[in-house]
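Remarks on the structure that follows.
The values are calculated or read from the model by the stated rules, or taken from the named source; none is laboratory data. Since the model is a prediction, treat every value here as computed from it, not as a measurement. Here the Cβ positions follow ideal geometry from the backbone for every residue, glycine too, while neighbour counts run over all protein chains shown. Side chains included, ligands, DNA and RNA excluded: accessible areas come from the protein's heavy atoms. Shrake-Rupley method; radii C 1.70, N 1.55, O 1.52, S 1.80 Å.
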Amino acid sequence: MSAFFHAQFFQTDLGIVILTLLETLALLVPLLIGVAYLTWFERKVMGAIQLRKGPNVVGPFGLAQPFADAIKMLLKETITPAGADRVLFTLAPMLTFGLALVAWAVIPVNDGWAIANINVGILYLFAISSLGVYGVIIAGWASNSKYAFLGALRSAAQMVSYEVSMGFIIVTVLICVGSLNLNDIVLAQRHIWYAIPLFPLFVIFFISGLAETNRAPFDLAEGESEIVAGFFVEYSAMSFALFFLGEYANMILISGMTTLLFLGGWLCPIPFAPFTLIPGVFWFLLKVLICLFVFVWVRATLPRLRYDQLMALGWKVFLPITLVYLVAVAGVLEYFGWLPNA
Amino acid sequence: MIVNLAFYLFSLILLASAVMVVTARNPVHAVLFLILAFVNAAVLFLLAGAEFLAFILAIVYVGAVAVLFLFVVMMLDVDFAALKEGFQRYAPIGALVGLVLFGELFMVVSGWNVLTGADAARLHPTPDNLTNAAALGSLIYTAYLPLFQLSGIVLLVAMIGAIVLTHRDRQRALRQNLAVQHARKPEDTLVLTRPALGAGAPLPAKEKETL
């Protein structure tokens, strides 16, 4: 029976569609549960940092809290403000959440375990993450509210600025690998993770990731002390929940990208017997979890940047460093003849 | 079959959204339709097997250019009545320009010839063992290097032009200078003293200099 499925059914058009759907489910269901528990994880970690207990009432250790929150969100009333652009107002949260999930199609969680192992995987990721800004802009504009609009403007300027240095970092990694394929990028780190030779870029990539996801200390787009909640101030119930979950899905995505580009993806960090037997998915998830912990740690520790500081950091610090580092890396690779032959 | 269906579907959406760009009443909607058109053009590139071009189109046009475009259009306060006012007057000229452009396009397309051997090359634009990006790179950085660098210089000139046009000298604006702030010492600004009655406190060292 299974031989039949492998040999014949999954080669037909219908079979490929069904197989892809099953693969998508196998990725998205754990991802969504992961997103739900990331909110719990964040509240627990921040509670510990601030000497509180965090959620501890619903279920053991507050483990049922995400589901309680989800049910609460579902039961609230969805409000569309007067004067809002109804279509775009509804579309924006869907776009944000959808894009956060779509990007996972190319992420390999183990050797070859990606839904689509495409040749330009990293470009796909970069394209999708640069589309994320539209959800925010459209939400801010369609809400017909000054606070939302200010949040959208801030967010647009911020995400465009930090994308530039992120692009240069990705290019630097690519000239070390010689391929745009995410699987190849991880396999090229068998001998040394890129976090070590490219350490400054690793740090800048992570900080730019914080800015891309609008997370503290770059959460000016929300800035609750100045512009209430920024671009999603008019959203309620499930449409708010979609923005909220989209932000957490994006956090996991950026952590995944950092893991793939710099931390050796699914590769085993301790290369001898008992550890190499553990499947790669475990190491991938562990590395993603460590990145996520840093996300939360940063949020609980650092105050929000002022707007001009944010722009100065992006354009006057990160951009020159990444630009010079790119040229330097290219020069070193060329001089020592280490350029990969694609 | 599926590829053909997908091609027609996406080209239909592309054309429809292109029409909507021109006819949409709200300029923000027009820009959003333009973005939809870009995305569909990228999908068409994908269907043609040009995956590198497809994602570069998405990153550059959708991810950067259109964001700035939307940014500007959102902040414009457009008066629709004033926009509609000149329509009657300018319609004939617009139609004339459109007609001329259409005629030129028609002449180009009808006079289009493909070399006899080129058909095979067009079916397989990249060699089998090369990826898109590698094939493109090995052409751009060897045979077409001067042209490539020339277009880079054109972009650089445009960038410098934009900076020159928008740059204003803001010497008088209040700016934070981190180096100066960090170099401040307590004794520059602070004096602990017990002033005599009616004498007042002495100024700290730094404050005296500035006076």
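Is one or more of the residues making up the range A:216-233 among the hydrophobic types (A, V, I, L, M, F, W, C), assigned to a helix (DSSP H, G or I), open to solvent by 10 Å² or more (accessible area, probe 1.4 Å) and within 22 Å of A:T80 (Cα to Cα)? Yes, the conditions are met somewhere in the range A:216-233.
Annotation note: of A:L153, A:L180, A:L123, the sole residue that is facing chain B (nearest Cβ under 9 Å), assigned to a loop (DSSP other than H, G, I, E, B), touching a helix residue (DSSP H, G or I) at 6+ places or on another chain (Cβ under 8 Å) and among the aliphatic types (A, V, I, L, M) is A:L180. Among the residues of the range B:78-97, are any over 18 Å from A:L125 (Cα atoms), within 14 Å of another protein chain (Cβ to nearest Cβ) and surrounded by 10 or more Cβ atoms within 10 Å (Cβ to Cβ)? So far as the range B:78-97 goes, yes, one or more of its residues are over 18 Å from A:L125 (Cα atoms), within 14 Å of another protein chain (Cβ to nearest Cβ) and surrounded by 10 or more Cβ atoms within 10 Å (Cβ to Cβ). Note on the range A:126-147: among residues that are in contact with an Asp or Glu (Cβ under 9 Å, 6 or more places away or on another chain), at the interface with another protein chain (Cβ under 7 Å from one of its Cβ atoms) and open to solvent by 10 Å² or more (accessible area, probe 1.4 Å), the one that is nearest to A:A157 (Cα to Cα) is A:W141.
In summary, helices (runs of 4 or more DSSP H) completely within the range B:1-79 and bearing 1 or more residues that are in contact with a Ser or Thr (Cβ under 9 Å, 6 or more places away or on another chain) occur at B:27-47, B:51-57, B:66-75. Out of all the residues in the range A:302-312, which are surrounded by 12 or more Cβ atoms within 10 Å (Cβ to Cβ) and either of a type in the set (V, I, T) or in contact (Cβ under 8 Å) with a residue 60 or more places away in the chain (or both)? Correct list: A:L302, A:R304, A:L305, A:Y307, A:L310, A:M311. Could you tell me whether the range B:4-25 includes any residue that is among the polar types (S, T, N, Q), within 14 Å of chain A (Cβ to nearest Cβ) and open to solvent by 60 Å² or more (accessible area, probe 1.4 Å)? Yes, that holds for at least one residue. Count of the range A:313-342 residues, restricted to those that are within 13 Å of chain B (Cβ to nearest Cβ), open to solvent by 80 Å² or more (accessible area, probe 1.4 Å) and in contact with a helix residue (DSSP H, G or I) (Cβ under 9 Å, 6 or more places away or on another chain), is 2. Here A:F97 meets the list (1) more than 9 Å from chain B (Cβ to nearest Cβ); (2) more than 15 Å from A:L253 (Cβ to Cβ); (3) among the aromatic types (F, W, Y) almost entirely, failing just condition (2). Listed conditions (1) within 23 Å of B:V39 (Cα to Cα); (2) part of a helix (DSSP H, G or I) are all met by A:M73, apart from (1). Within the range A:100-120, restricting attention to residues that are more than 15 Å from the chain's Cα centre (by Cα) and within 12 Å of another protein chain (Cβ to nearest Cβ), the residue that is least open to solvent (accessible area, probe 1.4 Å) is A:V120. In the set (1) modelled with pLDDT of 85 or more; (2) open to solvent by 50 Å² or more (accessible area, probe 1.4 Å), A:T78 fails one condition alone, (1).
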